[in-house]
Amino acid sequence: MSSASQQSSSQRYFSEAELLAFAQQTCLGLGLTLPHAQAIARVVVAGQRDDCQSHGLYRLLTVAHTIQVGKVVLDAVPELTVQGASTIRVDAKFGFSPLAFERGLPELVKGARQAGVAALVINRCVHFSALWPEIEAITEQGLAALALTPSHAWVAPAGGKRPTLGTNPIAFGWPRPGPFPYVFDFATSAIARGDLELHSRAQTSLPPNCGVDANGLPTTDPVKVAQGAMLTFGGYKGSALATMVEIMAGALIGDWNSLQSLDYDNGANAAPTHGELILAFDPARLGGKTLAEQQEMAEGLFATIVDQGARLPSERRYAARLRSQQDGIAVPTTLYEEIVALVDQRGANIL
Ligand code: NDP
Ligand code: PYC
């Protein structure tokens with residue numbers, strides 16, 4: 001269906017190719033090199049296509065702000081080092097993370113196939129993205145995956161009220177037969193920072209139990225939570241998981257935690273700077289059966305979950321993906337215009 005025939009006043013619709021070109025041109029207009037512009041475009045367009053509003057095209061505003069305040073190296077060339085069969089290290093050199101991930105991916109896959117398990121350690125990256133695009137890139141290769149990364153210290157530990165932990169996402173994927181893997185990807189905070197920002201922009205309340213104000217009192221006002229502290233999901237359990245992410249994707253890989261990232265930010269409100277740990281597992285090597293046999297075991301579990309009316313994580317996203325492929329990718333008109341203005345303000349015409 002032609003994208004031009006579907007515009008409404010509140011949403012514009014684009015084919016994936018059109019939106020990739022738009023996002024890429026925006027990034028180039030902001031001064032990023034072509035490899036970064038392409039990698040960022042792929043991630044934010046995937047988010048928009050799958051109706052992940054807080055990690056779709058909206059992220060280009062974060063990218064632009066981070067560039068404006070000088071907290072990212074626009075032309076960083078990620079440096080890859082392979083240590084033994086199964087540790088792949090990419091130094092992002094203070095560039096945005098998507099390109100660093102893309103540089104490390106082929107070696108990660110190779111390492112997992114050789115050793116059964118491999119780790120991709122990304123150091124010194126500026127991180128703004130969702131993790132599921134990375135997970136899906138690994139499950140596409142018939143591997144299972146786990147990804148962890150800190151962020152900025154916006155979140156109080158359970159029982160405390162001082163921002164100490166990041167929103168620290170954990171993402172996991174398992175390669176299912178067919179086009180859609182089993183994937184979950186969630187912040188360990190009760191709400192992702194990106195969603196808090198969207199509430200703040202729309203002047204809407206947060207759901208209850210997402211945060212406290214500067215005095216440590218519960219509030220649903222996103223502005224007051226931003227001045228106070230966000231809370232973890234699941235009380236002390238989410239708090240422990242968030243702490244694990246700080247350690248596994250911080251101290252363990254020799255990189256900053258969320259407190260250090262916020263310190264480095266120094267009030268600039270840029271995207272966080274730290275590391276990321278991505279693990280890939282080869283089921284055939286670890287399980288000793290064929291991938292098909294092991295997938296059948298997992299399918300039995302998924303069927304039992306779905307049979308009782310529960311849904312699998314990512315099903316909403318996959319349904320949105322199919323809608324986007326059929327009808328075009330919807331972008332709120334106001335957001336689209338804001339992104340166009342980003343580059344217009346810099347004196348370049350991106351259209
Ligand atoms: P959500 O709470 O929206 O969703 C978390 C996961 O649970 C998704 O996989 C989702 O699938 C699934 N899910 C939601 N509802 C159900 C349900 N009823 N039954 C089964 N599964 C369900 O995610 P968050 O808001 O916590 O995180 C959003 C994004 O923010 C993530 O992609 C994350 O990577 C990103 N993020 C990035 C950070 C960074 O530092 N880079 C920091 C924090 C977050 P579905 O999508 O299909 O609904
Ligand atoms: O939504 O919490 C978040 C987030 C942090 C960095 C990128 N996204």
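The values are calculated or read from the model by the stated rules, or taken from the named source; none is laboratory data. Since the model is a prediction, treat every value here as computed from it, not as a measurement. In this analysis, Cβ positions are derived from the backbone assuming ideal geometry, glycine residues included, and neighbour counts consider all displayed protein chains. In case anyone asks, the SASA skips ligands and DNA or RNA and just uses the protein heavy atoms, side chains included. Shrake-Rupley method; radii C 1.70, N 1.55, O 1.52, S 1.80 Å.
Screening the candidates 57, 34 for the property of being open to solvent by less than 40 Å² (accessible area, probe 1.4 Å), assigned by TED's automatic domain parsing to the domain that holds residue 320 and over 14 Å from residue 317 (Cα atoms) yields one hit, 57.
Only residues that are within 16 Å of ligand 1 (Cβ to nearest atom), crowded, with 24+ Cβ neighbours inside 10 Å and under 30 Å from residue 293 (Cβ atoms): list them for the stretch 121-143, please. If the condition is that a residue be within 16 Å of ligand 1 (Cβ to nearest atom), crowded, with 24+ Cβ neighbours inside 10 Å and under 30 Å from residue 293 (Cβ atoms), then 131, 132, 134, 135, 138 are the ones that fit.
Filtering the stretch 198-210 for residues that are under 20 Å from residue 267 (Cα atoms), away from ligand 1 (no atom under 14 Å from the Cβ) and outside the structural domain of residue 81 (by TED's automatic domain parsing) leaves a non-empty set.
Residues in the stretch 174-227 that are closer than 17 Å to residue 245 by Cβ and open to solvent by less than 60 Å² (accessible area, probe 1.4 Å): 10 in all. Of all residues assigned to the stretch 138-145, none qualifies as being within 16 Å of the chain's Cα centre (by Cα), within 16 Å of ligand 2 (Cβ to nearest atom), among the small types (Gly, Ala, Ser) and closer than 29 Å to residue 72 by Cα. Tallying residues that are in contact with a Pro (Cβ under 9 Å, 6 or more places away or on another chain) and of a type in the set (A, V, I, L, M, F, W, C) within the stretch 104-131 yields 6. Among the criteria (1) assigned to a loop (DSSP other than H, G, I, E, B); (2) of a type outside the set (Phe, Trp, Tyr); (3) open to solvent by less than 30 Å² (accessible area, probe 1.4 Å), the one residue 62 does not fulfil is (1).
Checked against (1) assigned to a loop (DSSP other than H, G, I, E, B); (2) at pLDDT 95 or above, residue 335 meets all criteria but (1).
Is the stretch 228-243 home to any residue that is within 16 Å of ligand 1 (Cβ to nearest atom), closer than 25 Å to residue 89 by Cβ and either buried (at least 23 other Cβ atoms within 10 Å of the Cβ) or of a type in the set (Ser, Thr, Tyr) (or both)? Looking through the stretch 228-243, at least one residue is within 16 Å of ligand 1 (Cβ to nearest atom), closer than 25 Å to residue 89 by Cβ and either buried (at least 23 other Cβ atoms within 10 Å of the Cβ) or of a type in the set (Ser, Thr, Tyr) (or both).
Scanning the stretch 288-305 for residues that are open to solvent by 50 Å² or more (accessible area, probe 1.4 Å) and aliphatic (A, V, I, L, M) returns 291, 292, 297, 301, 305.
Can you find even one residue in the stretch 107-115 that is open to solvent by 10 Å² or more (accessible area, probe 1.4 Å) and assigned to a strand (DSSP E or B)? No; the residues of the stretch 107-115 include none that is open to solvent by 10 Å² or more (accessible area, probe 1.4 Å) and assigned to a strand (DSSP E or B).
State whether one or more residues within the stretch 104-120 are under 17 Å from the mean Cα position of the chain (by Cα) and within 16 Å of ligand 1 (Cβ to nearest atom).
Yes: one or more hits.
Within the stretch 266-287, the residues that satisfy the criterion of being over 21 Å from residue 107 (Cβ atoms) and not in a strand (DSSP E or B) are 266, 267, 268, 269, 270, 271, 272, 287.
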